[in-house]
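Student: My questions will all concern the structure given below.
The values are calculated or read from the model by the stated rules, or taken from the named source; none is laboratory data. Bear in mind that the values here come from a model prediction, so they are computed numbers and not experimental data. Backbone-built Cβ (ideal geometry, glycine too); neighbour counts: all protein chains shown.
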Amino acid sequence: MNIQEIVKLPRWQKLRQSLVGTWKHTPKDNVKRLRKFMGPKPWENERHLRIMLNYLTGSAFRIGIISHPTITKLLNDVKKEKNIL
C-alpha cells in the first residue's frame, strides 16, 4: 500500500488537521495525542507506525521549524519500533 492510501485513515486525518498551528504552543500535549493514536502496543499496528514516521519526518520537523525534545523522543521510539535506528 502506498503512503497516500496509508494516511487516508479518517481518524488520522482528523488528528493531523487538529494539530495544524498548535506545535509552538502545545508540543507536549500534541505528542501525547500522537502517542495515544499509536496505541499502547504500537508494534502491533504497522500502519500507525508508518503514518507516524511519515509525519514526523516531514519538512517542518526535518528542518527544525517544529522541534521539541518530546518530538525527538517520539521519533526515536517510532524508529526503534520499526527497527530503523
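Student: Give the residue, chosen from ILE51, ILE66, that is assigned to a helix (DSSP H, G or I), at pLDDT 95 or above and surrounded by 12 or more Cβ atoms within 10 Å (Cβ to Cβ). Walk me through it before giving the result.
Tutor: Values: ILE66 fails: assigned to a helix (DSSP H, G or I).
Among ILE51, ILE66, only ILE51 is assigned to a helix (DSSP H, G or I), at pLDDT 95 or above and surrounded by 12 or more Cβ atoms within 10 Å (Cβ to Cβ).
Student: Quick test for you: out of LYS24, LYS28, pick the one residue that is in a helix (DSSP H, G or I), exposed (fewer than 12 other Cβ atoms within 10 Å of the Cβ) and either touching a residue at least 40 places away in the same chain (Cβ under 8 Å) or of a type in the set (D, E, K, R) (or both). Before you say what the answer is, go through the steps one by one.
Tutor: Values: LYS24 fails: in a helix (DSSP H, G or I).
Being in a helix (DSSP H, G or I), exposed (fewer than 12 other Cβ atoms within 10 Å of the Cβ) and either touching a residue at least 40 places away in the same chain (Cβ under 8 Å) or of a type in the set (D, E, K, R) (or both) holds for just one of LYS24, LYS28, which is LYS28.
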